[in-house]
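Written out below as structure tokens is the structure these notes cover.
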Amino acid sequence: MTNAYQQAYERSLKDPEGFWGEAAGAITWIKPWTKVLDDSRKPYYRWFAGAECNTCFNAVDRHVAEGRGAQPAIIYDSPVTNTVRTITYAELKDQVARFAGVLRGLGVDKGDRVIVYMPMVPEAAVAMLACARLGAVHSVVFGGFASNELATRINDAKPKVIVSASCGIETNRVIPYKPLLDHAIELAEHKPGHTVILQRPQAAAEMIPGRDHDWADSAAKAAPAECVAVAATDPLYILYTSGTTGQPKGVVRDNGGHMVALKWTMGAVYDVKPGEVYWAASDVGWVVGHSYIVYGPLLNGNTTLLYEGKPVGTPDAGAFWRVISQHKVSVLFTAPTAFRAIKREDPNAELLKTYDISSLRALFLAGERSDPDTIKWAQSNLKVPVVDHWWQTETGWSIAANCLGLHEFPVKPGSPTKPAPGWDLQVLDEGHHPCKPGQTGSLVVKLPLPPGTFYTLWNAEQRFFDSYLGEFPGFYKTADAGIIDEDGYVYVMSRTDDIINVAGHRLSTGQMEEVLASHPDVAECAVIGVADQLKGQLPLGFICLKAGVTKSDEQVLKEVVALVRETIGPVAAFKSCTVVKRLPKTRSGKILRGTMQKIADNQDFKMPATIDDPAILEEIDESLQSIGYSKARKEAVE
Ligand code: COA
Ligand code: AMP
């Protein structure tokens, strides 16, 4: 007997054009497509070629026209400013149209880029939607990145305008954004003509006359702008994500396929109906924020919850339960690390007893592997399905999930269940042969990728090919390794590159190494990701000092930690580093990062046959023990 998931899955692979063509019926198009899937330039595929549409129209205006004008579109809940504000669809339409007018007044047109560097305030969503309204391409930069990272993105995206705010608030710390923005513009070679700044009462931004414009004043004066027709294949946004070097990858998403896929996932994956309250507790700076704070729920006519707070400390570990009960949230989506933080502070979920969370039907987790303990804790306390689903910035939505709107499978903790419809997921070994069930290999997806995924890297098609399509011809390389078991359940075990996941945030150890290597006293360095009970992983650095350095080790360590924070940003969470005499290497000079990570995490490891000098591992071990790692290595090896 087949279930709705199996039917959808099989059809999506056998007849992708029929499957996604049908899903596209849920979107309002200005002009229909000539081809659902354009495969005339393999391995580069495009969805809904020839069609015209507008994403903002489908996310906002359409709902007003269809009678949802008085329904809340956004509930802004900000414990850090003690604010709860509701914006209806009609109000959102007005605010977005006006802000689109502001951008147009500053010269923003179809295809122009706008960088959005904002905290978690509704204006961030308004700015994104206003860009979509004009056919401009937004690029949201997470607030926890430093000026240097922002400057890199400014140089790559070459925005006409940057939209920002005077400050962000981290629990009880006000973080002035404007000095960071000014410094980034100073550092960047490309100079945007204008900025629009949202002044928040917690900190006033100093404005540069002529360049900087006040959000409130400009919006009050602007003439509302109407939705502009764009090609379904035109870019909607660029979202930069960590690559293996300091140059981030600009993931590009289109308009048409993106709308079709996200709207479809709201029902098929999350099982939410229009009108319900949907909450993705993430940040607009991450892909989860793009897909499931802004576009997905709004395309589906939901009320989206925008939360400016943390799972703990704003004010306590009951914050999530308070928000769910106060706003009658139906579905919550967050990272496992948020639940680990809550569990650590309130292991018996005592605070949950004081709230009525009966509106909640499901919890979705992503961003990193969900450890079985966290899943079990959430299941037993929330008493709703807990769905671990696997995705990436590149994919925009889940590659594997328990698709609650189609069929609920029994959960195997540690597995994000089965490939979602549209995803021909396979496991290949080093020789590119299919692995047997249960055998670990590279997780790859047979092309074409479904709609809603990325179709290039901004200004870097060759890098797109080299990073994702070149190694396994005909497949997309996820850069995750894992298995598919005999029941078809997927297990995502580890990255095959140098990406680590810190508190659900994606970071590149290679990029951190570039920063460490730029310190004048550092001769050589390595950064690895070590296991952390709260954040999943944490970066850990090793540096070898140049001969003749007279500063103390402590002084250099302090300087390199500060340098990473200054260059990448606080989000890098780079706080542990140690000085070693030498780094373990193969005879050909490759640093044995994997072996170092196993030592740090007390895992068994085989002495690499190609190691240059095995004695160095003893030195590394001693050094790790001196900073609290690797306590049980000797026992583990024996
Ligand atoms: N602006 C400025 N600074 C920021 C920031 C922002 N938007 N976001 C994070 N930071 C800072 C933090 O204040 C912290 O600074 P510190 O080193 O001075 O303490 C640093 O960056 C590291 O942040 P983080 O790793 O997030 O740690 P945290 O201790 O602040 O919070 C959690 C830990 C688990 C509570 C938090 O990461 C969390 O809620 N994560 C789950 C939700 C999520 O982010 N998901 C993303 C993908 S779904
Ligand atoms: P990001 O691009 O920030 O979404 O990070 C993507 C990476 O996070 C993936 O390639 C995985 O390594 C990891 N990841 C995300 N979700 C999961 C999950 N549910 N299980 C295991 N790993 C995950």
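The values are calculated or read from the model by the stated rules, or taken from the named source; none is laboratory data. These figures come from a predicted structure and were not determined experimentally. Because the Cβ atoms are built from the backbone with ideal geometry, glycine has one as well, and the counts that use them run over all protein chains shown. These area figures cover heavy atoms from the full protein model, side chains too; ligands, DNA and RNA do not enter into them. Shrake-Rupley method; radii C 1.70, N 1.55, O 1.52, S 1.80 Å.
Using a probe radius of 1.4 Å on heavy atoms only, what accessible surface per residue do you get for the chain? Whole Å² is fine.
38 Å²
Kindly sort 104, 113, 344 by accessible area of their heavy atoms, largest first, with the probe set to 1.4 Å.
Largest to smallest exposure gives the sequence 344, 104, 113.
May I ask you to derive the FRET efficiency for residue 65 and residue 11 from their Cβ-Cβ distance with R0 = 35 Å, giving the value to the nearest 0.05?
Using R0 = 35 Å, I get an efficiency of 0.65.
Give me the percent of the accessible area of the chain that comes from carbon and sulfur atoms, probe 1.4 Å, all protein chains in place.
C and S fraction of accessible area: 52 percent.
By accessible area of protein heavy atoms, probe 1.4 Å, what ranking do 321, 458 get, highest first?
458, 321
Label point 7 Å out from residue 359 along Cα-to-Cβ: which residues of the stretch 295-319 have amide N under 11 Å?
What the label zone holds, given the 11 Å backbone N cut-off, is 303-305.
If you restrict to DSSP beta bridges whose two residues both lie in the stretch 235-390, what percentage is antiparallel, to the nearest 5?
Approximately 30 percent, going by the DSSP bridge assignments.
Which FRET efficiency, nearest 0.05, do residue 497 and residue 619 yield, Cβ-Cβ r, R0 25 Å?
0.40
Out of the DSSP beta bridges found with both residues in the stretch 503-637, what percent are antiparallel (nearest 5)?
DSSP beta bridges in the stretch 503-637 are roughly 75 percent antiparallel.
Work out, step by step, the length gained on full extension between residue 216 and residue 430: first 0.36 nm times the residue separation, then minus their alpha carbon distance; give nm to one decimal.
That pair, residue 216 and residue 430, stretches by 71.4 nm at full extension.
Report, ordered by chain and residue number, the lysines lying within cross-link reach of residue 551, taken as a straight Cα distance under 17 Å and ignoring same-chain residues fewer than 8 apart.
Straight-distance partners of residue 551: 581.
Lysines within cross-link reach of residue 606: Cα-Cα under 20 Å, excluding same-chain residues under 8 positions apart?
Those lysines meeting the cut-off are 585, 590, 598, 631, 634.
Enter the Cα centre distance for the pair the stretch 19-40 and the stretch 437-508, rounded to the nearest angstrom.
26 Å
If R0 is 25 Å, what FRET efficiency do you get for residue 550 and residue 518 from their C-beta distance, rounded to 0.05?
Efficiency for this residue pair is about 0.80.
Explain nothing, just the number: relative contact order of the stretch 503-637, from Cα pairs under 8 Å at least 6 residues apart, as a whole percent.
Relative contact order of the stretch 503-637: 21 percent.
Considering only DSSP beta bridges whose two residues both sit in the chain, what percent are antiparallel, to the nearest 5?
60 percent
Which GluC sites (Glu not before Pro) in the stretch 112-202 pass both tests, a DSSP loop state and at most 10 other beta-carbon atoms within 10 Å?
Answer in residue order: 189.
Kindly identify the stretch 45-189 as rounded, prolate or oblate by the Cα gyration tensor criterion: order the square roots of the eigenvalues as a ≥ b ≥ c, call it rounded if a/c is under 1.5, otherwise compare a/b with b/c, prolate if a/b is larger, else oblate.
oblate
Rg and Dmax of the stretch 473-604, Cα atoms, in Å?
16.6, 60
From the phi angles alone, apply the Karplus equation (6.51, -1.76, 1.60; θ = phi - 60°) to the stretch 159-167 and give each ³J(HN,Hα) in whole Hz, x where the residue is Gly or Pro.
Using θ = phi - 60°, the values come out as x, 6, 9, 10, 9, 8, 10, 5, 6 Hz.
Greater than 28 Å separation of Cα atoms is the criterion. Which listed pairs, 376/418; 35/191; 160/273; 383/412; 191/477; 446/575, meet it?
With Cα atoms farther than 28 Å apart: 35/191; 160/273; 191/477; 446/575.
How large is Rg/Rh for the chain, to two decimals, with Cα atoms and a Kirkwood Rh?
0.96
Using the alpha-carbon centroid of each, what span in Å lies between the stretch 572-592 and the stretch 149-203?
Each part reduced to its Cα centre gives a spacing of 34 Å.
Need one word for the stretch 546-638: rounded, prolate or oblate. Basis is the Cα gyration tensor (sqrt eigenvalues a ≥ b ≥ c); a/c below 1.5 gives rounded, then a/b vs b/c decides.
It comes out prolate by the Cα gyration axes.
How much net charge surrounds residue 111 when only the other residues with a Cβ under 15 Å from the Cβ of residue 111 are counted, with Lys and Arg +1 and Asp and Glu -1?
+2
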